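Chemist: Provided herewith is a single structure, encoded as structure tokens, for subsequent inquiry.
Since every read-out is calculated from the coordinates, none of them should be taken as a lab result. Here the structure is a predicted model, which is why all the values come from computation and not from measurement. With ideal geometry, Cβ positions are generated from the backbone for all residues, glycine too; neighbour counts draw on all protein chains shown.
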Amino acid sequence: MKDIILIAPPAAGKGTQAKLLEEKYSIPHISTGDLLRDAINIDSEIADEITKKISKGEFVNDEIVLDLLIKRLEMSDCDDGYILDGFPRNLKQAELYNNYLKSKNKDLGIAILINLDKKIGKQRISTRLSCPNCGRIYNLNDEKLQPKEENKCDLCNSLLIKRSDDNAEVYENRFNKYIIDTEPIINYYRNKGILKIVDGNQDKNIIHQQLIEIIKISNR
Ligand code: AMP
């Protein structure tokens, strides 16, 4: 199974789609946002830097992110493929990741861009809830994305939270960072011949089906 890199502006449904793919293919969903949020409680040396950057919608230092990511990728459950969500976020990270894969004799896999209009992303973010335990994303404004029981995760029953960076002001920063820093990696992967594109304005089940089709064709 080829490794999957999901690229998308904030609130495009990357996390939701990654979770669905994780369930479908039994390969881990690796979100660098989750790795960083977990590291805040575990590693006090880097906790301040991470908290500051996340709260402003800025990027955490590349070395910190890469270090956490590589530790995760070295775990045995990644041997049969994985879904990367939120990484790489800029060209430097794309290059560092490329070098890492080369050192392991692995190829790049597939990069899938889920596109979304800024206006829709901003609307979604204000009603988005996340599970701090398993990472599942909910949205109170969308019938299909509401939790079955109010404020509780359908999967693990944990109390849902609103992330502190899920607000209109920080969204503006996160979206601008996406345009300036993350969009260049779209061309980077296009030039490597591994880029596929999906329209994120569609229903989540339709997007899921399109992703399955892309993954099927890419693994032939
Ligand atoms: P996410 O959960 O992907 O929305 O990420 C939340 C926040 O974590 C981002 O706004 C960044 O502050 C930080 N972050 C996540 N992934 C990265 C990354 N690859 N590089 C730098 N910062 C990141």
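Chemist: Please go through (1) near the ligand (Cβ under 10 Å from one of its atoms); (2) within 23 Å of N219 (Cα to Cα) for K56 and return the number of the only condition it doesn't satisfy.
Modeler: (2)
Chemist: Something else about it: Here are the criteria: (1) surrounded by 15 or more Cβ atoms within 10 Å (Cβ to Cβ); (2) under 29 Å from I215 (Cα atoms); (3) of a type in the set (G, A, S). Tell me which single one S26 does not satisfy.
Modeler: For S26, the exception is condition (1).
Chemist: Something else about it: Identify all residues within region 102-114 that are surrounded by 15 or more Cβ atoms within 10 Å (Cβ to Cβ) and either under 15 Å from the mean Cα position of the chain (by Cα) or at negative phi (or both); write none if there are none.
Modeler: Taking region 102-114 first, the residues surrounded by 15 or more Cβ atoms within 10 Å (Cβ to Cβ) are 108-114.
Matches in region 102-114: L108, I110, A111, I112, L113, I114.
Chemist: Of the residues I50, I112, only one is among the β-branched types (V, I, T), touching a residue at least 40 places away in the same chain (Cβ under 8 Å) and either within 13 Å of the ligand (Cβ to nearest atom) or within 21 Å of K2 (Cα to Cα) (or both); which?
Modeler: On the way: I50 fails: touching a residue at least 40 places away in the same chain (Cβ under 8 Å).
None of the others qualify; the one that does is I112.
Chemist: Out of D165, D117, D203, which single residue is over 20 Å from Y25 (Cβ atoms) and under 16 Å from the mean Cα position of the chain (by Cα)?
Modeler: Details: D117 fails: under 16 Å from the mean Cα position of the chain (by Cα); D203 fails: under 16 Å from the mean Cα position of the chain (by Cα).
On inspection, the qualifying residue turns out to be D165.
Chemist: Collect the residues in region 68-117 that are part of a strand (DSSP E or B) and not acidic (D, E), keeping them in residue-number order. Steps first, please.
Modeler: At the first step, the residues of region 68-117 found to be part of a strand (DSSP E or B) are 83-85, 110-115.
Scanning region 68-117 gives I83, L84, I110, A111, I112, L113, I114, N115.
Chemist: Right, here's the next one. Scan the helices (runs of 4 or more DSSP H) fully inside region 136-220 and keep the ones with 1 or more residues being surrounded by fewer than 16 Cβ atoms within 10 Å (Cβ to Cβ) and within 16 Å of the ligand (Cβ to nearest atom). Please lay out each step first, then the result.
Modeler: Values: elements: 168-177, 184-191, 204-218.
Correct list: 168-177, 184-191.
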